[in-house]
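Asker: First, the structure itself, so that you have it in front of you.
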Amino acid sequence: MKADSSSAGMLMAKPCTFHSHPTKNRYLADIPSLQDIHSFLFYRQLRSITVGGTKIWVWDKTKAALRTVRKLATWMEANHFRVVTHWMKEDADNWQVMYVQTVMKHLGWVWPDTIDEMDVQWPQMLRDILKIQVRVLPREPRVKSR
């Protein structure tokens, strides 16, 4: 399906979901967004595959990641309405982005200081903080010389 420049509506109730990132900005194409991460935790898919500019990454929910999902659900049950109301009053145009940032911060996600650090650190951060199994592959296969 064709999406807009920064998001796509996807059916997330499948065991495996797939999407690609726009490739114009090398950094942003090869780094998952907070919305990507939040959606993977929030929705039912067990695997997500993303094609970036130079990388393909595959995420799988592990048993440990399901504890993160439960933590997310518990937090949302207790705080969703209050936090949504707050961000809608503060920034009506961007409340969804602010909401996802708040949720992810609660789960322990802290962005590195620079985009270069994020480019290097995000796979290990997903493993360590959210307990998601992560595999990162080069988008272009290496050709073996004869």
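Asker: Can you tell me how many residues in region 103-125 are assigned to a helix (DSSP H, G or I) and under 24 Å from LYS63 (Cα atoms)? Steps first, please.
Answerer: So the first thing to find is which residues in region 103-125 are assigned to a helix (DSSP H, G or I), and the list is 103-106, 115-125.
So of that shortlist, the ones also under 24 Å from LYS63 (Cα atoms) come out as 103-106, 121-125.
The number of residues fulfilling the criteria is 9.
Asker: Please count how many residues of region 59-75 are among the hydrophobic types (A, V, I, L, M, F, W, C), surrounded by 16 or more Cβ atoms within 10 Å (Cβ to Cβ) and in a helix (DSSP H, G or I). Even if it seems obvious, please write down each step before you answer.
Answerer: Filtering region 59-75 down to residues among the hydrophobic types (A, V, I, L, M, F, W, C) leaves 59, 64-66, 69, 72-73, 75.
Then keep just the ones that are surrounded by 16 or more Cβ atoms within 10 Å (Cβ to Cβ); that gives 59, 65, 69, 72.
Then drop every residue that is not in a helix (DSSP H, G or I), which leaves 65, 69, 72.
Qualifying residue count for the region: 3.
Asker: If you check ASP128 against the conditions, is it open to solvent by 80 Å² or more (accessible area, probe 1.4 Å), over 17 Å from SER39 (Cα atoms) and in a loop (DSSP other than H, G, I, E, B)? Step through it out loud before you land on a result.
Answerer: On the way: open to solvent by 80 Å² or more (accessible area, probe 1.4 Å): yes; over 17 Å from SER39 (Cα atoms): yes; in a loop (DSSP other than H, G, I, E, B): no.
Criteria not met by ASP128.
Asker: Give the residue that is nearest to TYR43 (Cα to Cα), with candidates limited to residues of region 102-113 that are open to solvent by 80 Å² or more (accessible area, probe 1.4 Å) and within 15 Å of the chain's Cα centre (by Cα). Give the derivation first.
Answerer: First pass over region 102-113, keeping only residues open to solvent by 80 Å² or more (accessible area, probe 1.4 Å): 105, 110-111, 113.
Subset that is within 15 Å of the chain's Cα centre (by Cα): 105, 110-111.
Details: LYS105: 18, VAL110: 21, TRP111: 22 Å.
Among residues in region 102-113 that are open to solvent by 80 Å² or more (accessible area, probe 1.4 Å) and within 15 Å of the chain's Cα centre (by Cα), the one nearest to TYR43 (Cα to Cα) is LYS105.
Asker: Across region 76-97, which residue is least open to solvent (accessible area, probe 1.4 Å) among those that are among the acidic types (Asp, Glu) and more than 24 Å from ILE132 (Cα to Cα)?
Answerer: The initial filter retains those residues of region 76-97 that are among the acidic types (Asp, Glu), namely 77, 90-91, 93.
Now restrict to residues that are more than 24 Å from ILE132 (Cα to Cα): 90-91, 93.
On the way: GLU90: 122, ASP91: 49, ASP93: 144 Å².
Residue satisfying both the conditions and the ranking: ASP91.
Asker: Looking only at region 126-141, which residues are under 17 Å from THR62 (Cα atoms), aliphatic (A, V, I, L, M) and out of contact with any Gly (no Cβ under 6 Å at 6 or more places or on another chain)?
Answerer: So in region 126-141, the residues under 17 Å from THR62 (Cα atoms) come out as 126-136.
Right, trim to aliphatic (A, V, I, L, M) and you get 126, 129-130, 132, 134, 136.
Scanning region 126-141 gives LEU126, LEU130, ILE132, VAL134, VAL136.
Asker: Given the conditions (1) among the hydrophobic types (A, V, I, L, M, F, W, C); (2) more than 19 Å from LEU34 (Cα to Cα); (3) modelled with pLDDT of 85 or more, which single one is not true for PHE81?
Answerer: (3)
The values are calculated or read from the model by the stated rules, or taken from the named source; none is laboratory data. Nothing here was measured: the structure is a model prediction, and the numbers come from that model. So basically every Cβ, Gly included, is an ideal-geometry build from the backbone, and we count neighbours across all protein chains shown. Accessible surface areas use protein heavy atoms only, side chains included; no ligands, DNA or RNA. Shrake-Rupley method; radii C 1.70, N 1.55, O 1.52, S 1.80 Å.
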